[in-house]
Amino acid sequence: MLRDITLGQYYGVNSPLHRMDPRTKMLWVIYYMTLLFMASSVWEYALMTAFTALAVKASRVPIGFITRGLKPIAILMLLTVGLNLFMTPTGSELWRLGFLKITDDGVVIAAKMAVRLVLLIIGSSLLTLTTSPIVLTGGIERLLAPFARLGLPSHEIAMMMSIALRFIPTLMEETDKIIKAQTSRGADFESGGPIKRVKAMAPILVPLFVGAFRRADELAVAMECRCYRGGSGRTSLRRFAFGRDDLFALIWAVALLAAIITIKVVTR
Amino acid sequence: MIKAENLSFSYRGDEGAAAALKKLNIDIAGGEFVAILGHNGSGKSTFAKQLNAILTPEEGRLTVFGIDTSDEGSVFELRKNVGMVFQNPDNQIVATVVEEDVAFGLENLGVPRDEMRRRVDEALKTVRMYDYRLHAPHLLSGGQKQRVAIAGILAMEPKCIVLDEPTAMLDPSGRAEVMETVRRLNREKGITIIHITHYMDEAVKADRCIVMDGGEVVMDGPPAEIFARVEELRALGLDVPQAAELMYELRKRGIDAPEGILRSAPCVEAIAKMYKDRGTANVR
Amino acid sequence: MSVELRNITYTYNKDEPSARVALENVSLRLDDGDFVGLIGHTGSGKSTLMQVLAGLLPPCGGELMPEGKSYPDYKSAARVARKSAGLVFQYPEHQLFEETVYKDIAFGPLNRGLSSDEADARVREAARRVGVEPLLDKSPFDLSGGQKRRVAIAGVVAMKPELLILDEPTAGLDPEGARELLAMLKSLHGDWCKTIILASHSMEDVAKTVKTVAVMNRGRLVMSGSVAEVFSRGEELRAMGLDTPQISRIAEGLIRAGVPLRRGIFTVAEAADAIAELLGGGKNA
């Protein structure tokens, strides 16, 4: 059933990465990206690759599932690698055809670029693969909370995100049902020019919006019935705890930084 | 504890006002389990929405646990005491995790975290959903969702729970789960239950049935008494449990079948007894 | 023959950790003139089965054979299935979208390529049979719940499908609304729709409406037969979490208590007649 869908590409198994606090993971991804952009020598790239491989292993997400996420950006990658490969002017020439030439510097730069891109994608998709969207919003809410003092409506933003997330699976299921129901009434969503296709959307969009408004209405009444009156004076059940897995993440972060600094010092 | 005096209300639409409640007089005592029956448009949902001031009387007065529902100042006090469960389980669950939804009302009331934790856990255990506290609500069955909704209200420690067709969208096992929970809350915690339903087998389980039609109360009494009036109920667009219908059909066929039988077991017993004594007293 | 299914299997979210089998090796044959009640608890695979029957969900394995024929590929089989079957989903009123009831009912017939005259005749006839004729010029969004339900059903009925499939058509209706709807379906069966299959949770409704019953449990078709045959297996049904009509429970109880009642009673009128006779006959007997 479509209600089993999960947003993004969450892969629900139990692993140290899944157990980590979402905030730790989000900060980690930012940290990881920074490290990746700081990396310059081949050794640093090798270290980052090894670390990423370790993280993938720890996440218990099958490698095939992860590489699937790489496909959509394959063209972008080819383009970047190609540009670096042919357009690097420095270094000794290895091969030449007309104005195109490949230098040894070009090969190294292109290879680094490819590795960096692949690691970037894998690293950040590990966040969405191991964190359900629900937990992710909770984490975002907490990360935003300090900004409430600056006038950011963090409660309202979080409430909106949370309600949206709560209802996305419901609305997806509803959309699927409406599409099938109209298909059963002979509706055709696939053939014809763009105008015809847009017109063909009305039998889906009208009921979907009517339904969404009906739900919003009912939900508002239900929230009122439970004494909802905005963010002021509210308390909260959820407490994010810094667990053992988060401690490990911190240790890894320090270790990785130390290793990179060591490499930078040694190879200087 | 609930007292409606000449309560009138109408919905205002483009084509003028349509009276939904007409000079309603209802008295419900604390701890009662009341089923309200009536076909769609009989005013039963409108009455339910009056009970926690989602709608307020146009004329007349409604007091609930001593609070006048027209008094805007005590609306939160009122809603803390009168919880509502609605028909569509999907459209009343706010949070993306079960226990957080149960906590929603308490968060709104500003209950401290430790107290909240205790009340949320207790409410979840009462409706037997504690093992699902970390689940996503959209993956639960209809009956489970309704039990989560009930837990969310229970955590606010209300005196009364109003259920507006809570089983209409559920399958038989979901309906049974909800009914079992509601009955238990009534018996063990003494919570007043006002249960609006189309299902006669659910109404049978109440202490008292109120039948509404055209915004008025047309029948009021214990289920055994109400369901003996088969013709009248049918005329109101309602059903009777098959056991009651069978007894009624037998009486129509000239057999002196007893009134007030609503469930299978007593029905079997009564007919078996008539069969044993046949030829004596039961043929008129 | 209306449709045949051979060894159909279906798994949701195949190849993912959340994979769930919905249909397992289901074979089913619906002949012209059948009026089948499909029962099973939520998650038993009923809704999935109905979507496969209507050509709306490609099965993971097995063959969909509309009109009892084999087709070279699923696509062409699905095309025929969609043409000959109309599926009324649960809460069909949530799919209404046009400005007027008339236009909404006409949506299906016009999609099928009927001329506007033909479509007009269809709309009016369908509206009459479903009992929404006086509502044709209204907006479907201004109607009551029961009226919306009927209009939505009329939208499918107007295509005059040979096989009409309905998923819980009475859910949420009040008893009278449900009674009228079932009577309407009964009147459609035969001259308007050759074959009807109806999923319902209400055993009472099924017992008094359909001719044969099919039972789904955990993705499998576990029982099928006449209403009397299926409901006489009360113990097995209850083991699957299904109810039997209260009246057949009473009849079973009476038999156990030594009252020589015949088996296969599943409506109140039948029971009353039989019991009255046993008790030495009332004045009407």
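The values are calculated or read from the model by the stated rules, or taken from the named source; none is laboratory data. Since the structure is predicted, the reported quantities are computational estimates derived from the model, not experimental observations. Every residue, glycine as well, gets a Cβ built from its backbone with ideal geometry; the counts of neighbours run over all protein chains shown.
Things worth noting here:
- Scanning the range C:49-63 for residues that are under 24 Å from C:T170 (Cα atoms), without any contact (Cβ under 8 Å) to a residue 40 or more places away in the chain and assigned to a loop (DSSP other than H, G, I, E, B) yields a count of 2.
- Qualifying residue in the range B:95-113 (condition: surrounded by fewer than 22 Cβ atoms within 10 Å (Cβ to Cβ), more than 10 Å from chain A (Cβ to nearest Cβ) and either of a type outside the set (A, V, I, L, M, F, W, C) or over 24 Å from A:R215 (Cβ atoms) (or both)): no
- Single residue of the range C:96-136 satisfying the filter (outside any helix (DSSP H, G or I) and among the β-branched types (V, I, T)) that is farthest from the chain's Cα centre (by Cα): C:T100
- Inclusion of A:A111 among residues that are out of contact with any helix residue (DSSP H, G or I) (no Cβ under 7 Å at 6 or more places or on another chain), among the small types (G, A, S) and surrounded by 14 or more Cβ atoms within 10 Å (Cβ to Cβ) is warranted.
- Selection status of A:G106, over 22 Å from A:M48 (Cα atoms) and free of Cβ contacts under 8 Å to residues at least 24 places away in the same chain: no
- Where B:F33 falls short, out of the listed (1) in contact with a helix residue (DSSP H, G or I) (Cβ under 6 Å, 6 or more places away or on another chain); (2) within 14 Å of another protein chain (Cβ to nearest Cβ); (3) closer than 14 Å to B:V162 by Cα; (4) of a type outside the set (S, T, N, Q): (2)
- Checking each residue in the range B:229-274 for being of a type in the set (A, V, I, L, M, F, W, C), more than 7 Å from every other protein chain (Cβ to nearest Cβ), within 30 Å of B:N40 (Cα to Cα) and assigned to a loop (DSSP other than H, G, I, E, B) picks out B:L236, B:V240, B:I261, B:L262.
- Residue count for the range C:222-246 under the criterion of being under 16 Å from C:S200 (Cβ atoms) and either more than 13 Å from chain B (Cβ to nearest Cβ) or assigned to a helix (DSSP H, G or I) (or both): the result is 7.
- A:V61, sole failed condition from (1) outside any helix (DSSP H, G or I); (2) loosely packed, with under 15 Cβ neighbours inside 10 Å; (3) within 14 Å of another protein chain (Cβ to nearest Cβ): (2)
- For A:I251, the criteria (1) within 14 Å of chain C (Cβ to nearest Cβ); (2) farther than 30 Å from A:A164 by Cα; (3) modelled with pLDDT of 85 or more hold in every case but one, which is (1).
- The range C:145-164: number of residues that are within 14 Å of chain B (Cβ to nearest Cβ) and among the small types (G, A, S): 2
- Which numbered condition A:L152 misses (of (1) assigned to a helix (DSSP H, G or I); (2) within 30 Å of B:E107 (Cα to Cα)): (1)
- Selection of first residues in the range C:165-177 that are more than 10 Å from chain B (Cβ to nearest Cβ) and of second residues that are in a loop (DSSP other than H, G, I, E, B), restricted to Cβ pairs under 6 Å at least 6 apart or on distinct chains, gives the following pairs, ordered by first then second residue: C:I165/C:A54; C:D167/C:F89; C:D167/C:Q90.
- Pairs where the first residue, in the range A:35-59, is among the aromatic types (F, W, Y) and the second is at pLDDT below 90 and not in a helix (DSSP H, G or I), C-beta under 9 Å, 6+ apart: A:W43/A:T267; A:Y45/A:A39
- Which listed residue, of B:V211, B:V240, B:V230, is in contact with a Phe, Trp or Tyr (Cβ under 6 Å, 6 or more places away or on another chain) and touching a residue at least 40 places away in the same chain (Cβ under 8 Å): B:V240
- B:A149 vs. criteria hydrophobic (A, V, I, L, M, F, W, C), away from chain A (no Cβ under 14 Å), assigned to a helix (DSSP H, G or I) and under 16 Å from the mean Cα position of the chain (by Cα): no
- Qualifying residue in the range A:211-229 (condition: modelled with pLDDT under 95, away from chain B (no Cβ under 11 Å) and over 23 Å from the mean Cα position of the chain (by Cα)): yes
- Enumeration of residues in the range C:241-267 that are under 29 Å from the mean Cα position of the chain (by Cα) and without any contact (Cβ under 8 Å) to a residue 40 or more places away in the chain: C:R249, C:I250, C:A251, C:E252, C:R262, C:R263, C:G264, C:I265
- Filtered residue count, the range C:1-48, keeping only those that are away from chain B (no Cβ under 14 Å), in a strand (DSSP E or B) and more than 30 Å from A:I66 (Cβ to Cβ): 17
- Residue ID - surrounded by the fewest Cβ atoms within 10 Å (Cβ to Cβ), chosen from residues in the range A:120-142 that are at pLDDT below 85 and of a type in the set (A, V, I, L, M): A:I140
- Which numbered condition A:A181 fails, given (1) assigned to a loop (DSSP other than H, G, I, E, B); (2) within 14 Å of chain C (Cβ to nearest Cβ); (3) among the small types (G, A, S): (1)
- Flag: C:Q95 does not match the condition of being within 11 Å of chain A (Cβ to nearest Cβ) and over 18 Å from C:M159 (Cα atoms).
- The set of residues in the range C:226-246 that are under 19 Å from C:L261 (Cβ atoms), touching a strand residue (DSSP E or B) at 6+ places or on another chain (Cβ under 6 Å) and surrounded by 15 or more Cβ atoms within 10 Å (Cβ to Cβ) comprises C:V227, C:V230.
- Checked against (1) out of contact with any Ser or Thr (no Cβ under 9 Å at 6 or more places or on another chain); (2) crowded, with 17+ Cβ neighbours inside 10 Å; (3) over 21 Å from C:G145 (Cα atoms), B:T69 passes all but condition (1).
- Qualifying residue in the range C:184-192 (condition: facing another protein chain (nearest Cβ under 10 Å) and of a type in the set (F, W, Y)): no
- For the range C:200-212, filtering for residues that are within 12 Å of C:K46 (Cβ to Cβ) and either surrounded by fewer than 20 Cβ atoms within 10 Å (Cβ to Cβ) or at pLDDT 95 or above (or both) leaves 0.
- Filter result for A:E141 (assigned to a helix (DSSP H, G or I), under 30 Å from B:H135 (Cα atoms), of a type in the set (D, E) and out of contact with any helix residue (DSSP H, G or I) (no Cβ under 9 Å at 6 or more places or on another chain)): no
- Conditions (1) at pLDDT 95 or above; (2) within 14 Å of another protein chain (Cβ to nearest Cβ); (3) within 30 Å of B:L139 (Cα to Cα); number of the one not met by C:I105: (3)
- When C:I153, C:I196 are checked against the criterion of being touching a His at 6+ places or on another chain (Cβ under 8 Å) and under 29 Å from C:V26 (Cα atoms), a single residue qualifies: C:I196.
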